[in-house]
Amino acid sequence: MADTTTPLPSLEDLQHWTWVLGKAQQMMLEHGFDMMEHIPAAPAMDPTSALRAGASFWADTMQLWQRFLDPAHATPFEETPEQARDKRFKAPQWREEPVFDFLRQSYFVIADNLLKGVDALENVDPKQKEQIRFATKGFIDAVSPTNFPATNPQVLEKIVETKGESLLKGLQNMLSDIAKGQMTQTAEGAFELGKNLAMTPGKVVKRTPLYELIQYSPVTKQVYETPLIIFPPWINRFYILDLTPEKSFIRWAVEQGLTVFVVSWKSADATMKDVVWDDYVERGQIDAIDTVRELLGVESVHAIGYCVAGTTLAATLAVLAARGQSEKVRSATFFTAQVDFSEAGDLTMFVDDDQLALIKSLGAEGFLDGRYMAATFNLLRGRDLIWNYVTNNYLMGQDYVPFDLLHWNSDVTNLPATWHLSYLTDLYRDNKLAVPGLLSIEGTPVDLTKITTPTYVQAGREDHIAPAASVWKITHHFKGPLKFVLAGSGHIAGVVNPPAAGKYQYWVNDQKVETLAEFMAGARETKGSWWPDWVGWIESVDAAKVDAKGARVPGKGKFKALEDAPGSYVRTR
């Protein structure tokens, strides 16, 4: 059996790494101060702050070296809760072997002091300071010792164990990703639409140049009279709500007795170069709502908008209100959607002039390659969605693990370039949707305060794309009855949380409060999924039921079936 213990460095190696670590600390500190000194139009630090930051850094460094050279008389290293939970350093070698324990502690000291340096910046525009902090955190994640073969004990062990084969496998993985221009996150070929993903039975009953409308087959003898139409974000594929059967929100909703329709948006190509927000509202959401109403002969629908499609649903509701047609939507549900972007989180880091100019250049053919947006979202969680795969699949040469959610995450969708640029500019940068009448849809002013539709708003406590505090702002604009629910986890797992899984929790608060902090202070926590709470709310809005026959069966109404779900648009790259 091969010896798989971590090879220990010689005295010469140790002296070399001592010099490297000391030099690295010096360079990183100098880099931090140099970065601060070059902030335009604002003094970075007063001398007192600079001296305080430097003294703190060197004090931490001296303690670090004392722990390494004279551990018996040194103050033990006290991890923060976040450092203790850091999965990058969960292997026992990072604590049991002195050299790697030193590397770990050194990294935490450097990272902590770099962020303290950013926090100490004075007389800097808050947005610019956030950009600096975001970039610094990205830099810190990139220089982790886990990301380099020579400083990661698990990588070293793997090299010895496989006699170098792991490096060759990792190189193969990396070259393959470079060739396709996208980082692989899950085993390729493990999932296929209609086979083990997007399996809920249904039919495509309408196809337009912008979307396909899918109607799902009922499984109950009776169904709620008011049907449900789901608008997923066109930034991603709709089957995030129809993953494997045990995770499928769509299948679960059908089982609760809802007649479910979903819009599957077309991945943009050059023919969509002139598509703008008006199209997604008028020829997308309103057209789909009217189609369902006509097909089933009903006055109203329940509507769900997820993420950007939720933002658009808000505009749709405002347009319908302005036209005296609010009754077309009986209730509206928002999954992690924003309408007021004044606190929109880290995505605002990508809407400065340089970023917008880059996006404009990338969309010269009329559409933006979905791989760009995928890379942007990965950057928001670089530690988990980038460097994790660099370490495991490039450095250690591990095989990719089949994971339906990551398969969906990698199944990118192209975006209409003109509209996407306007979306980032008008909403994220200029926050125009929050100001009544500043935006309009085909001549109809958009005023969110005119919305009186009963509304259910779900936010994710750990959402990094649509922060809960940002989603909460819907409550400041809509004027109808509204229920806010804060779910455990983030932008995806907070939504896709089937009751059978028994995971996470959610909070509700029946009192009228002004802030998310006040909401949480008086909130009632319930273990598990919020889905049953939502369907109970739907029933409270409209409990009437009808027999599941005729047009309630896909293809049996005036709109004949075009093909089986999940349709063609979802397969178009």
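The values are calculated or read from the model by the stated rules, or taken from the named source; none is laboratory data. Note that this is a predicted model, so its numbers are computed, not measured. Because the Cβ atoms are built from the backbone with ideal geometry, glycine has one as well, and the counts that use them run over all protein chains shown. SASA here: full protein model, heavy atoms, side chains in, ligands and nucleic acids out. Shrake-Rupley method; radii C 1.70, N 1.55, O 1.52, S 1.80 Å.
For segment 439-462, give me each residue that is assigned to a loop (DSSP other than H, G, I, E, B) and not hydroxyl-bearing (Ser, Thr, Tyr).
Answer for segment 439-462, where residues must be assigned to a loop (DSSP other than H, G, I, E, B) and not hydroxyl-bearing (Ser, Thr, Tyr): 439, 442, 443, 446, 447, 451, 454, 461, 462.
Between 175, 210, which is of a type outside the set (Gly, Ala, Ser) and touching a residue at least 60 places away in the same chain (Cβ under 8 Å)?
Checking each option against the conditions leaves just 210.
Consider segment 547-556. How many of its residues are touching a residue at least 60 places away in the same chain (Cβ under 8 Å) and open to solvent by 40 Å² or more (accessible area, probe 1.4 Å)?
Matching residues across segment 547-556 total 2.
Among the residues of segment 445-461, which ones are open to solvent by 20 Å² or more (accessible area, probe 1.4 Å) and not acidic (Asp, Glu)?
Once the filter is applied, which keeps residues that are open to solvent by 20 Å² or more (accessible area, probe 1.4 Å) and not acidic (Asp, Glu), segment 445-461 yields 445, 449, 450, 452, 454, 461.
For every residue, the table says whether it meets (1) within 20 Å of residue 401 (Cβ to Cβ); (2) among the basic types (Lys, Arg).
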{"site": "135", "(1), (2)": "no, no"}
{"site": "153", "(1), (2)": "no, no"}
{"site": "158", "(1), (2)": "yes, yes"}
{"site": "163", "(1), (2)": "no, yes"}
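Given the options 405, 368, 362, 424, name the one that is open to solvent by less than 50 Å² (accessible area, probe 1.4 Å) and either over 18 Å from residue 307 (Cα atoms) or in contact with a His (Cβ under 9 Å, 6 or more places away or on another chain) (or both).
Of 405, 368, 362, 424, the one residue that is open to solvent by less than 50 Å² (accessible area, probe 1.4 Å) and either over 18 Å from residue 307 (Cα atoms) or in contact with a His (Cβ under 9 Å, 6 or more places away or on another chain) (or both) is 368.
Starting from residues that are of a type in the set (S, T, N, Q) and in contact with a strand residue (DSSP E or B) (Cβ under 6 Å, 6 or more places away or on another chain), keep the ones in segment 248-264 and report whichever is nearest to residue 492 (Cα to Cα).
Of the residues in segment 248-264, the ones of a type in the set (S, T, N, Q) are 248, 256, 259, 264.
In the following step, the residues that additionally are in contact with a strand residue (DSSP E or B) (Cβ under 6 Å, 6 or more places away or on another chain) were identified as 259, 264.
On the way: 259: 24, 264: 18 Å.
Restricting to residues being of a type in the set (S, T, N, Q) and in contact with a strand residue (DSSP E or B) (Cβ under 6 Å, 6 or more places away or on another chain), the top hit is 264.
For the list (1) surrounded by 15 or more Cβ atoms within 10 Å (Cβ to Cβ); (2) under 27 Å from residue 202 (Cβ atoms), I need the number of the one condition that residue 470 fails.
Of the numbered conditions (1) surrounded by 15 or more Cβ atoms within 10 Å (Cβ to Cβ); (2) under 27 Å from residue 202 (Cβ atoms), the odd one out for residue 470 is (2).
Are there any pairs, at least 6 apart or on different chains, whose C-beta atoms fall under 7 Å, with the first in segment 352-379 and closer than 23 Å to residue 128 by Cα and the second of a type in the set (Ser, Thr, Tyr) and open to solvent by 20 Å² or more (accessible area, probe 1.4 Å), and if so, which?
Listed by first residue and then by second, the contacts come to 356/425.
State which residue is surrounded by the fewest Cβ atoms within 10 Å (Cβ to Cβ) when the search covers only segment 408-421 and only residues that are out of contact with any Phe, Trp or Tyr (no Cβ under 7 Å at 6 or more places or on another chain), assigned to a helix (DSSP H, G or I) and not polar (S, T, N, Q).
Restricting to residues being out of contact with any Phe, Trp or Tyr (no Cβ under 7 Å at 6 or more places or on another chain), assigned to a helix (DSSP H, G or I) and not polar (S, T, N, Q), the top hit is 421.
Across segment 136-150, what is the total count of residues that are of a type in the set (Phe, Trp, Tyr) and in a helix (DSSP H, G or I)?
Number of matching residues: 1.
For residue 393, indicate whether it is more than 14 Å from the chain's Cα centre (by Cα) and open to solvent by 20 Å² or more (accessible area, probe 1.4 Å).
No: the conditions fail for residue 393.
Could you grab me the full set of residues in segment 504-516 that are more than 18 Å from residue 470 (Cα to Cα) and open to solvent by less than 90 Å² (accessible area, probe 1.4 Å)?
504, 505, listed by residue number.
Looking only at segment 520-533, which residues are open to solvent by less than 40 Å² (accessible area, probe 1.4 Å) and touching a strand residue (DSSP E or B) at 6+ places or on another chain (Cβ under 6 Å)? Spell out how you get there, then give the answer.
First, pick out the residues of segment 520-533 that are open to solvent by less than 40 Å² (accessible area, probe 1.4 Å): 523, 528-531, 533.
Result: 523, 530.
Out of curiosity, is residue 239 buried (at least 20 other Cβ atoms within 10 Å of the Cβ), more than 25 Å from the chain's Cα centre (by Cα) and closer than 25 Å to residue 411 by Cα?
So residue 239 fails the test.
Can you confirm whether residue 504 is without any contact (Cβ under 8 Å) to a residue 40 or more places away in the chain, touching a Ser or Thr at 6+ places or on another chain (Cβ under 7 Å) and not polar (S, T, N, Q)? Show your work before the answer.
Details: without any contact (Cβ under 8 Å) to a residue 40 or more places away in the chain: yes; touching a Ser or Thr at 6+ places or on another chain (Cβ under 7 Å): yes; not polar (S, T, N, Q): yes.
Yes; evaluated as a whole, the condition is true for this residue.
Looking at 269, 274, 279, which one is over 14 Å from residue 335 (Cβ atoms), modelled with pLDDT of 95 or more and open to solvent by 10 Å² or more (accessible area, probe 1.4 Å)?
Exactly one of 269, 274, 279 is over 14 Å from residue 335 (Cβ atoms), modelled with pLDDT of 95 or more and open to solvent by 10 Å² or more (accessible area, probe 1.4 Å), namely 279.
Conditions tested, residue by residue: (1) touching a Ser or Thr at 6+ places or on another chain (Cβ under 9 Å); (2) open to solvent by 10 Å² or more (accessible area, probe 1.4 Å); (3) under 30 Å from residue 174 (Cα atoms); (4) at pLDDT 80 or above.
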{"position": "112", "(1), (2), (3), (4)": "yes, yes, no, yes"}
{"position": "115", "(1), (2), (3), (4)": "yes, yes, no, yes"}
{"position": "132", "(1), (2), (3), (4)": "no, yes, yes, yes"}
{"position": "137", "(1), (2), (3), (4)": "no, yes, yes, yes"}
{"position": "146", "(1), (2), (3), (4)": "yes, no, yes, yes"}
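Residues checked against (1) assigned to a loop (DSSP other than H, G, I, E, B); (2) at pLDDT 95 or above; (3) over 22 Å from residue 235 (Cα atoms); (4) open to solvent by 20 Å² or more (accessible area, probe 1.4 Å):
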{"site": "464", "(1), (2), (3), (4)": "yes, no, no, yes"}
{"site": "491", "(1), (2), (3), (4)": "yes, no, no, no"}
{"site": "518", "(1), (2), (3), (4)": "no, yes, yes, yes"}
{"site": "536", "(1), (2), (3), (4)": "no, yes, yes, yes"}
{"site": "539", "(1), (2), (3), (4)": "no, yes, yes, yes"}
{"site": "558", "(1), (2), (3), (4)": "yes, no, yes, yes"}
{"site": "570", "(1), (2), (3), (4)": "no, yes, no, no"}
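Checking the condition modelled with pLDDT of 95 or more and crowded, with 18+ Cβ neighbours inside 10 Å, which residue from 222, 215 passes?
215
Output the qualifying pairs, or none if there are none: Cβ atoms under 6 angstrom, residues six or more apart or on different chains, first residue in segment 130-150 and under 16 Å from residue 119 (Cβ atoms), second residue open to solvent by less than 50 Å² (accessible area, probe 1.4 Å).
131/349; 132/118; 133/118; 134/349; 136/114; 136/118; 140/111
Looking at 291, 376, 333 in this structure, which one is open to solvent by less than 20 Å² (accessible area, probe 1.4 Å), at negative phi and over 23 Å from the mean Cα position of the chain (by Cα)?
Residue meeting the stated conditions: 291.
Checking the structure you have, find out if any residue of segment 305-326 is free of Cβ contacts under 8 Å to residues at least 24 places away in the same chain and not charged (D, E, K, R).
Yes, some residue in segment 305-326 is free of Cβ contacts under 8 Å to residues at least 24 places away in the same chain and not charged (D, E, K, R).
So, in segment 118-130, of the ones that are of a type outside the set (S, T, N, Q) and part of a helix (DSSP H, G or I), which residue ends up surrounded by the most Cβ atoms within 10 Å (Cβ to Cβ)?
Only one residue fits best here, namely 118.
Tally time: how many residues in segment 228-261 are aliphatic (A, V, I, L, M) and closer than 18 Å to residue 500 by Cα?
Summing the residues that are aliphatic (A, V, I, L, M) and closer than 18 Å to residue 500 by Cα in segment 228-261 gives 6.
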